[in-house]
Amino acid sequence: MSEQAVRYEIDAEGIATIWLDDPISSANTMNADYIESMETVISDLENDCGNDKAKGVVIASAKKTFFAGGDLEVLHTLTPDQAGEAFSMVEKVKNQLRRLETCGVPVVAAINGTALGGGLEIALAAHRRIAVNDRNLKLGLPEVSLGLLPGGGGITRLVRMFGIQSALMDWLLQGQQRNPEAALKKWLVDKLVDSPDQLLPAAHAWLKGNAEGPESHLQPWDRDGYKIPGGTPASPELAAILPSFPANLRKQLKGADFPAPRAIMAVAVEGAQVDFDTASRIESRYFAKLVVGHNAKDMTKAFFFDLQSIGSDDLRPASVDKFSAKRVGVLGAGMMGAGIAYACATRGVDVILKDVSAENAEQGKAYTQTLLEKKVSKGRMTEEARDEILARINATEDASSLADCDVIIEAVFENAELKGKVFAEIEEVVGADALLCSNTSTLPITDLASRTKRPADFIGMHFFSPVDKMKLVELIVGEETSPATLAHAIDVVQQIGKLPIVVNDSRGFFTSRVFGTYVLEGAAMVEEGLDPVVVDRAGTKAGFPSGPLTLLDEVTLSLPRHVAEEARKAAESEGTVAPETPGLSVLDKMVDDYGREGRAAGKGFYEYQDGARTRMWPELRTIFAPEVPAQVSAEDIADRFLFAMAIDTARCFENNVITSSAAANIGSIFGIGFPPNRGGAAQFVENYPGGMGEFVKRADVLADTYGERFRPSEWLRERAVAGQGLGS
Ligand code: NAI
């Protein structure tokens, strides 16, 4: 194997091949070795072009994936005073790509596997892109989801290929990833081949046929008379709609502050008004600023490093053999049970879906049918695939049908006695080694487990609604849950394509409990007399996907009441005092006095007509109007939401409910909507601007002003002083 990350070959017919082949890693990244060896390769190519030896160039990968992108290990360590270095590094990368696309002979990218970020930017510097038509192969520029922007020429080239509007909407602002067929429809790739062995022959054939005529060695933007499709900001058509772009973006982000999409838009618009090389430098400047900034650090930590850690086997007890579920029994075919059945069946696992009546069970199965029909009608699924998945779900009212299930997931009503009864019935039927899981969102797992004969085989498996869209599953380890049970539960969650986080049993576990602090803070503000419309909007402005009052209506006002009740019971049995829960009295009043349970009941903080939300309940303002309404600044409102969750997350670490920062970050973002631009609830504390000491200071101010629930514990203070972070 060569020691070079990029290798250069040229055959007798003058076809040069640039091989992307990192000798150390299993994937190619834009690390120092890449930059250095690419420099040599481009010089060799220029020499061969100069003396007419090279007739065409193929860029190909010797790895399974084409190219993974920028080296995040390096980018993540850049500090604010290294913006200059970041600029030089990215300029070097794009200078090489610019030399490649202007080398004087046609260049074709042979895309054998996924090409994301920097990987796709390499392919964009080619004059033609040919990809293997493999549905698992992904093409895209997902930098925005890491708080970054494509700095290797991606914005500059896409704007010149598709125009500002399409480049932004189709690829850049949401970092869409598309399979080759979809990418072909969007003109990102030029040709597909059916199998990897056809790729290089197709690339060679194009080069030898020089299929596109004498200008095939020039990018469109390097040809005479080139104009950006759709016009530049100076052209009347675009000038007329341009002002709506930032407004739409603000609307899309619901007022939240995400620097990356704003920077991407600025690069696209500013870059479209100047020549290619100037545009490219503008892109580098914005990139350097973003990459050393706080937001990129937080987002890269969560969406790259933490996700990687969750996907690894770090938390799985190592000595246990891998488990693969064959048949899952789902008890309760309501909203959650139906979703869980869908998640299992679409991943090839047989499901017995049981409810109290065959009719209920069939209704649960129909949910899968509805979701699949939508896919079929959009051309995303064949009728055969739909039928195959549906055939995997067996709807029944008969408990004995669950005899062969190796996993049981219970999702009946939230009632400990009922759950105990349901498990007792099932234990009589299923094999002695079947995994017993409960989808409870609030009931203590140790207590539920004690109602079965096999508490060691029992675990909480907490899905989120809607199950088909929500990737997170919280696994709750009870006092007696065995390591084998935990390992197998992790395996099942991964088997059905979800992300497991592992937490220890406690009231409300991690997610329901921390979620409760956000929505209750919103309710507390209503009680203080803040305008409920302002309160709800402040949530999305702070970066949450929904406002606290909207969410309360969605999950029902009973959920935080249950959690608080469990906390009260737990405190009573321990002889301690439950934490204060301001806002709870608002929910009690709404439910007990006015029957306003939330959306499912047709009324909550909002009013609903035929399932659609109409307006905020007007009486809120009179029922909860103190004589002197509180005055709270927008900054304090946002911080109250964020700190309420972060302080409770810290308490979860202190009490050993959760032990890993990655789990807390992923759990809080994917499960309960902690603002993704902050990198998650643990990251918010650990990477607070100025350090954890500053976090503690700000929390003290909030505690002095708004209540002791914000007061950092001694444990947290010590951690901050020691600069230790939250996790072990
Ligand atoms: P649901 O009310 O939609 O469904 C419950 C189903 O259980 C009903 O179809 C009912 O007929 C069935 N059932 C009752 N007794 C049964 C029995 N003996 N055998 C078989 N089926 C029986 O409730 P949902 O929302 O699906 O919640 C189920 C569980 O999931 C609860 O423990 C809830 O706390 C938990 N959960 C709910 C979430 C949500 O967003 N709704 C999120 C996460 C967990």
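Out of everything in segment 229-257 that is in contact with a Leu (Cβ under 9 Å, 6 or more places away or on another chain) and crowded, with 17+ Cβ neighbours inside 10 Å, what residue ends up being nearest to residue 293 (Cα to Cα)? Break it down into steps so the answer makes sense when it comes.
Step one: list which residues in segment 229-257 are in contact with a Leu (Cβ under 9 Å, 6 or more places away or on another chain), which gives 230-233, 245, 249, 252.
Restricting the remaining residues to those that are crowded, with 17+ Cβ neighbours inside 10 Å gives 230-232, 245.
On the way: 230: 33, 231: 32, 232: 30, 245: 24 Å.
It comes out as 245.
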Of all the residues that make up segment 159-188, how many are touching a residue at least 60 places away in the same chain (Cβ under 8 Å) and outside any loop (DSSP other than H, G, I, E, B)? 12
Per the list (1) within 16 Å of the ligand (Cβ to nearest atom); (2) at pLDDT 95 or above; (3) more than 28 Å from the chain's Cα centre (by Cα); (4) not polar (S, T, N, Q), residue check on residue 371 breaks on (3)
With (1) over 18 Å from residue 404 (Cα atoms); (2) within 14 Å of the ligand (Cβ to nearest atom) as the list, and residue 429 as the residue in question, which single condition is left unmet? (1)
Any idea which residue in segment 131-147 is farthest from residue 304 (Cα to Cα), counting only those that are touching a residue at least 60 places away in the same chain (Cβ under 8 Å) and either hydroxyl-bearing (Ser, Thr, Tyr) or in contact with a Phe, Trp or Tyr (Cβ under 7 Å, 6 or more places away or on another chain) (or both)? 145
Checked 341, 358 against criteria (touching a helix residue (DSSP H, G or I) at 6+ places or on another chain (Cβ under 8 Å) and not β-branched (Val, Ile, Thr)); the one match is 341
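Pick from segment 348-367 the residues that are among the small types (Gly, Ala, Ser) and within 11 Å of the ligand (Cβ to nearest atom): which of them is surrounded by the fewest Cβ atoms within 10 Å (Cβ to Cβ)?
Residues of segment 348-367 among the small types (Gly, Ala, Ser): 348, 357-358, 361, 364, 366.
Add one more test, that the residue is within 11 Å of the ligand (Cβ to nearest atom), and what stays is 357, 361, 364.
Values: 357: 11, 361: 27, 364: 28.
My answer is 357.
Please tell me if residue 309 is surrounded by fewer than 21 Cβ atoms within 10 Å (Cβ to Cβ), touching a residue at least 40 places away in the same chain (Cβ under 8 Å), away from the ligand (no atom under 13 Å from the Cβ) and outside the structural domain of residue 145 (by TED's automatic domain parsing). Steps first, answer last, please.
On the way: surrounded by fewer than 21 Cβ atoms within 10 Å (Cβ to Cβ): yes; touching a residue at least 40 places away in the same chain (Cβ under 8 Å): yes; away from the ligand (no atom under 13 Å from the Cβ): yes; outside the structural domain of residue 145 (by TED's automatic domain parsing): yes.
Here the answer is yes, as residue 309 does meet what is asked.
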Is it the case that segment 386-404 has a residue that's out of contact with any Phe, Trp or Tyr (no Cβ under 9 Å at 6 or more places or on another chain), under 20 Å from residue 457 (Cα atoms), in contact (Cβ under 8 Å) with a residue 60 or more places away in the chain and away from the ligand (no atom under 14 Å from the Cβ)? yes
Which residues, counting only those in segment 444-468, are more than 18 Å from residue 432 (Cα to Cα), more than 12 Å from the ligand (Cβ to nearest atom) and not in a helix (DSSP H, G or I)? 444, 468
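Every residue, every condition in (1) within 25 Å of the chain's Cα centre (by Cα); (2) at pLDDT 95 or above, yes or no:
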| site | (1), (2) |
| --- | --- |
| 496 | yes, yes |
| 504 | yes, yes |
| 509 | yes, no |
| 515 | yes, no |
| 519 | yes, yes |
| 523 | no, yes |
| 527 | no, no |
| 530 | no, no |
| 535 | no, yes |
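The values are calculated or read from the model by the stated rules, or taken from the named source; none is laboratory data. No experiment lies behind these values; they were computed from the predicted model shown. Every residue, glycine as well, gets a Cβ built from its backbone with ideal geometry; the counts of neighbours run over all protein chains shown.
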